[in-house]
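Here the structure comes first, spelled out in structure tokens, and everything after it is commentary.
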Amino acid sequence: ITKEQRALIKAIVDAYNRHQIPQDVTKKLLQEQYSAEENFLLLTEVATSQVQVLVEFTKNIPGFLSLDREDQIALLKGSAVEAMFLRSAQVLSKKMPNGHTEVLEERIRKSGMSDEFMTPMFNFYKSIGELHMTPEEQAILTTITILTPERPYVKSHEAVERLQESMLDVLRKLCVLQHPQEPQYFARLLGRLTELRTLHHYHAEMLTSWKTNDHKFTPLLCEIWDV
Ligand SMILES: Nc1ccc(C(=O)O[C@H]2C[C@H]3CC[C@@H]2C3)cc1
């Protein structure tokens, strides 16, 4: 890993750790009473907060703000769902103190979400948990997801591809260093990105069904997902 790459990792990990969901949101998950409506409102708050965290984090990705302005928006809108699931998978898979994990899981299960979406989502959470990613790997993998050139409406495909490729190179070297016994570890991480795209598809259907049943969204969620 070159000196520049070490600086890149540090910048990204610091930004990733700096921008977290506020304590008051996660505390609410423990306090509020259980009902499908209350659970849905809490998930809406969690999702909204995660999108805000994502926007702030993305601004700290070296090179992101030098991209075309409209491409920055296209990358954020295209990656929000995947970045959110990565982040919540990491939150859920980390053994949170006194069973917070179960509480969030419980609220997700009882929020009016259809089972056909629930199953792949929890399978994803489990598969992320089993990887035991280091904080560096989590932050770089999220960055790679955000810098996906194939998102809809991206104009300067090459500019985004260059940024993503340098991140992929960093992640590959990190995996070799941090998981020497697992030569396939890097490939397994990239496999998670494929699983994320499937979730992205399910998520769009989940949004539509929630909207149809007149569930309330926040303006930010409506804007980021065009609902
Ligand atoms: N009104 C909405 C509420 C929640 C979501 C959502 O995607 O929730 C995600 C955040 C984490 C918990 C459930 C998933 C993962 C979308 C619209």
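Under 7 Å by Cβ, and 6 or more places apart or on different chains, what pairs join a residue from the stretch 48-68 that is within 17 Å of residue 25 (Cα to Cα) with one that is basic (Lys, Arg) and open to solvent by 10 Å² or more (accessible area, probe 1.4 Å)?
The qualifying pairs are 50/87.
Kindly establish whether residue 79 is at negative phi, within 12 Å of the ligand (Cβ to nearest atom) and either among the hydroxyl-bearing types (Ser, Thr, Tyr) or not in a helix (DSSP H, G or I) (or both).
Considered against the rule, which asks whether it is at negative phi, within 12 Å of the ligand (Cβ to nearest atom) and either among the hydroxyl-bearing types (Ser, Thr, Tyr) or not in a helix (DSSP H, G or I) (or both), residue 79 comes out as no.
Inspect all residues belonging to the stretch 176-196 and state whether any of them is within 16 Å of the ligand (Cβ to nearest atom) and either of a type in the set (A, V, I, L, M) or closer than 20 Å to residue 47 by Cα (or both).
Scanning the stretch 176-196, I find at least one residue that is within 16 Å of the ligand (Cβ to nearest atom) and either of a type in the set (A, V, I, L, M) or closer than 20 Å to residue 47 by Cα (or both), so the answer is yes.
Output the qualifying pairs, or none if there are none: Cβ atoms under 8 angstrom, residues six or more apart or on different chains, first residue in the stretch 190-218 and closer than 30 Å to residue 175 by Cα, second residue away from the ligand (no atom under 11 Å from the Cβ) and among the hydroxyl-bearing types (Ser, Thr, Tyr).
Hits for this filter: 192/127; 193/145; 195/127; 196/145.
Only one of these is within 16 Å of the ligand (Cβ to nearest atom) and closer than 17 Å to residue 57 by Cβ: 224, 140, 146. Name it.
Every option except 224 fails the conditions.
For residues in the stretch 206-221 being touching a helix residue (DSSP H, G or I) at 6+ places or on another chain (Cβ under 8 Å) and open to solvent by less than 80 Å² (accessible area, probe 1.4 Å), which is farthest from the ligand (Cβ to nearest atom)?
Among them, the one singled out is 220.
Answer with yes or no whether residue 154 is away from the ligand (no atom under 16 Å from the Cβ), open to solvent by less than 20 Å² (accessible area, probe 1.4 Å) and either of a type in the set (Lys, Arg) or touching a residue at least 60 places away in the same chain (Cβ under 8 Å) (or both).
no
With the checklist (1) outside any helix (DSSP H, G or I); (2) among the hydrophobic types (A, V, I, L, M, F, W, C); (3) closer than 23 Å to residue 129 by Cα in hand, flag the one item residue 177 doesn't pass.
So residue 177 meets the others, but not (1).
Right, residue 116: touching a helix residue (DSSP H, G or I) at 6+ places or on another chain (Cβ under 8 Å), open to solvent by 70 Å² or more (accessible area, probe 1.4 Å), over 21 Å from residue 218 (Cβ atoms) and not in a loop (DSSP other than H, G, I, E, B) or not?
Yes; evaluated as a whole, the condition is true for this residue.
Restricting the stretch 2-32 to residues that are modelled with pLDDT under 90 and outside any helix (DSSP H, G or I), which is nearest to residue 169 (Cα to Cα)?
Among those that are modelled with pLDDT under 90 and outside any helix (DSSP H, G or I), it is 19.
Which of the residues that make up the stretch 142-151 are open to solvent by 30 Å² or more (accessible area, probe 1.4 Å) and among the polar types (S, T, N, Q)?
none
With the requirement that a residue be within 12 Å of the ligand (Cβ to nearest atom) and either open to solvent by 30 Å² or more (accessible area, probe 1.4 Å) or modelled with pLDDT of 85 or more (or both), what does the stretch 90-102 give you?
Listed by number, the list holds a single entry, 91.
Let me confirm something: among 206, 121, 133, 167, which residue is in a loop (DSSP other than H, G, I, E, B), among the aliphatic types (A, V, I, L, M) and closer than 28 Å to residue 72 by Cα?
133
Among the residues of the stretch 33-62, count how many are in a loop (DSSP other than H, G, I, E, B), open to solvent by 10 Å² or more (accessible area, probe 1.4 Å), closer than 21 Å to residue 87 by Cβ and not polar (S, T, N, Q).
1
The values are calculated or read from the model by the stated rules, or taken from the named source; none is laboratory data. It should be emphasised that the depicted structure is a prediction, and the values quoted were computed from it without experimental measurement. Note that we place each Cβ from the backbone using ideal geometry, even for glycine, and neighbour counts take in every protein chain shown. Accessible surface is based on the protein model in full, side chains and every heavy atom, while ligands, DNA and RNA are left aside. Shrake-Rupley method; radii C 1.70, N 1.55, O 1.52, S 1.80 Å.
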